[in-house]
Amino acid sequence: MGAVLSRIEAARASGRKLLAVLIDPDFGQDEERLERTVQNACMARADLLFVGGSLLTSAAFDRCVELVKRWSRGTTGDVPVVLFPGSPAQLSGHADAVLFLSLISGRNPELLIGHHVTAAPTVKALGLEAIPTGYLLVDGGKPTTVSYVSQTLPLPHDKPGIAACTALAGELLGLRTIYMDTGSGALRTVSPAMIAAVRQAVDLPLIVGGGIRDAATARALCEAGADVLVVGTAFEQDPELIFAMGEAMHG
Ligand code: 1GP
């Protein structure tokens, strides 16, 4: 098992919840803001830095990952940089790992196997740790970039049973984590009921993201069974929020 997945598994075994800060690679265009975000994440004791997005408008992806990696080197050890790629173009040897995503809530063959074939030789050549991840897109109250770009239908928000069966299928296929996401800037998060149903169905680390805006919600999602929370938009809008969120999750 690779170092990043081991770290996630070890945290889960010890009951420590992890906070992942999602960095939009288009941020890289504003290097000062990017540096501040990474520094805040490190000071707030974020556990992981995710870099990626469903749609990139800037060409400087590799440079952005390089900067995030450089600034994430702290005195208390590196915060791992994990790619959360919206396409096979979002790969960089500066990262520690890549979520090797299968969009198992959808039925788009490109996102179930096509992109993987394209990306596999690059992942191997770059020596990236690949974390096989079953990605479940869940309805978060409005169409998001990911639902539009992936051309897939999100799982209904109030159907925990479908999510549980989908996650179980992912586990039986050999995937190593499940990422439940309502998409960036979603109006609502994945429900605690859905997280609890998936938690009961599979013995895998659960990553949950989309629409998390406050510490109380973060706590409720962790109590329902989430192991890793991913927050992007809320920290972009209020960079100080990361400290309250880190405090809520780590005490
Ligand atoms: C999106 O899970 C991430 O894929 C984070 O969502 O930007 O809403 O925090 P937000």
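So which residues in the stretch 202-216 are surrounded by fewer than 22 Cβ atoms within 10 Å (Cβ to Cβ) and out of contact with any strand residue (DSSP E or B) (no Cβ under 9 Å at 6 or more places or on another chain)?
Asp203, Asp214, Ala215, Ala216
Out of the residues in the stretch 39-50 that are within 16 Å of the ligand (Cβ to nearest atom) and in a helix (DSSP H, G or I), which is nearest to the chain's Cα centre (by Cα)?
Ala41
I'm trying to understand the selection: among the residues of the stretch 204-222, which are over 25 Å from Gln237 (Cα atoms) and within 16 Å of the ligand (Cβ to nearest atom)?
Those that are over 25 Å from Gln237 (Cα atoms) and within 16 Å of the ligand (Cβ to nearest atom): Pro205, Leu206.
Please specify each residue of the stretch 223-235 satisfying the condition of being in a helix (DSSP H, G or I) and either more than 12 Å from the ligand (Cβ to nearest atom) or in contact with a strand residue (DSSP E or B) (Cβ under 9 Å, 6 or more places away or on another chain) (or both).
Matches in the stretch 223-235: Glu223, Ala224, Thr233, Phe235.
Of Ile195, Ile178, Ile242, which residue is crowded, with 23+ Cβ neighbours inside 10 Å, in a helix (DSSP H, G or I), more than 10 Å from the ligand (Cβ to nearest atom) and hydrophobic (A, V, I, L, M, F, W, C)?
Sole residue among the options that is crowded, with 23+ Cβ neighbours inside 10 Å, in a helix (DSSP H, G or I), more than 10 Å from the ligand (Cβ to nearest atom) and hydrophobic (A, V, I, L, M, F, W, C): Ile195.
Please go through the stretch 26-84 and give me each residue that is open to solvent by 60 Å² or more (accessible area, probe 1.4 Å) and touching a residue at least 60 places away in the same chain (Cβ under 8 Å), ordered by number.
Within the stretch 26-84, Arg36, Met43, Arg45, Leu55 qualify.
Confirm whether Ala201 is within 16 Å of the ligand (Cβ to nearest atom) and without any contact (Cβ under 8 Å) to a residue 40 or more places away in the chain.
no
The values are calculated or read from the model by the stated rules, or taken from the named source; none is laboratory data. A quick note: this is a predicted structure, and the numbers were derived from the prediction, not measured. All Cβ positions, glycine included, derive from the backbone under ideal geometry; neighbour counts span all protein chains shown. With ligands, DNA and RNA removed, areas are computed over all heavy atoms of the protein, side chains included. Shrake-Rupley method; radii C 1.70, N 1.55, O 1.52, S 1.80 Å.
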